[in-house]
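Colleague: Starting off with a structure, shown below.
None of the figures in this text is laboratory data; all of them are computed from the coordinates on show. Predicted model, so just to flag it, every value in this text is computed and none were measured.
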């Protein structure tokens, strides 16, 4: 979902109280809509957080082929009763072709993606940034940044310090109202990979 044709990046992470682990994320997570199917599908989103709290994206480049495990360092922020993930754009180069932010000079060494999340036991909701909404805030002068829109592409870059980013997520409705929903699977990582290779029923998730 990152580094696509519609994206928003931020100059700084959210505040100073950044953590490298949320133990509630440990386990195997799959698309909630896929959890009711008997067989997993290679297009279903899946990731695994191991005991060391490493976030690993599970990708299957070829149907029935082995899974590719891509470690993506992510950070967690808890503020004002809400929870966020922060990912540096240079941390996902193994996952996507990340180009420098559009229309930003000089090119920053790195910039950041945000998402808000709600974790309730074995259910996880991820709220992506609403780039259209943020673009309007920039155009209206409520946020400092740049907007680059052409054909089907929209690239937004928001300037500010860590403290200002914390204020933005607190004061501005920058996240989508509709979450991407995941559930924690009962399968181990090895069982899940085997099911993807053999199309053996993957079992139910909680």
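Colleague: Please give the calculated 222 nm ellipticity per residue for the chain, where each DSSP H segment of at least 4 residues contributes -39500 (n - 2.57) and the sum is spread over every residue; nearest 500 deg cm²/dmol? Walk me through the intermediate numbers first.
Modeller: Numbers: 3 runs with 29 residues, N = 206.
Theoretical 222 nm ellipticity from helices: -4000 deg cm²/dmol.
Colleague: Right, next: Please tell me the relative contact order of the stretch 6-198 in percent, rounded to the nearest whole number, where contacts are Cα pairs under 8 Å and at least six residues apart.
Modeller: Numbers: 365 pairs, mean separation 59.1, N = 193.
Answer for the stretch 6-198 is 31 percent.
Colleague: Another question, if that's okay. List the pair-distance distribution P(r) of the chain, using every Cα-Cα distance, as the percent of pairs falling in each 10 Å bin from 0 up to the bin containing the longest distance, rounded to whole percents.
Modeller: 8, 33, 34, 19, 6, 0
Colleague: I would also like to ask the following. Given Cα pairs under 8 Å that are at least 6 residues apart, what percent is the relative contact order of the stretch 102-147? Working shown, then result.
Modeller: Numbers: 28 pairs, mean separation 13.2, N = 46.
Once divided by the residue count of the stretch 102-147, the mean separation gives 29 percent.
Colleague: So what's the angle, to the nearest 10 degrees on a 0 to 90 scale, between helix 189-198 and the longest Cα principal axis of the chain?
Modeller: On a 0 to 90 degree scale, this one is about 70.
Colleague: To test your reading of the geometry: what angle, between 0 and 90 degrees and rounded to tens, separates the Cα axis of helix 162-171 from the longest principal axis of the chain?
Modeller: Helix 162-171 and the main axis of the chain meet at about 80 degrees.
Colleague: Please report how far the C-alpha centroid of the stretch 12-28 lies from that of the stretch 81-121, rounded to the nearest whole angstrom.
Modeller: 13 Å
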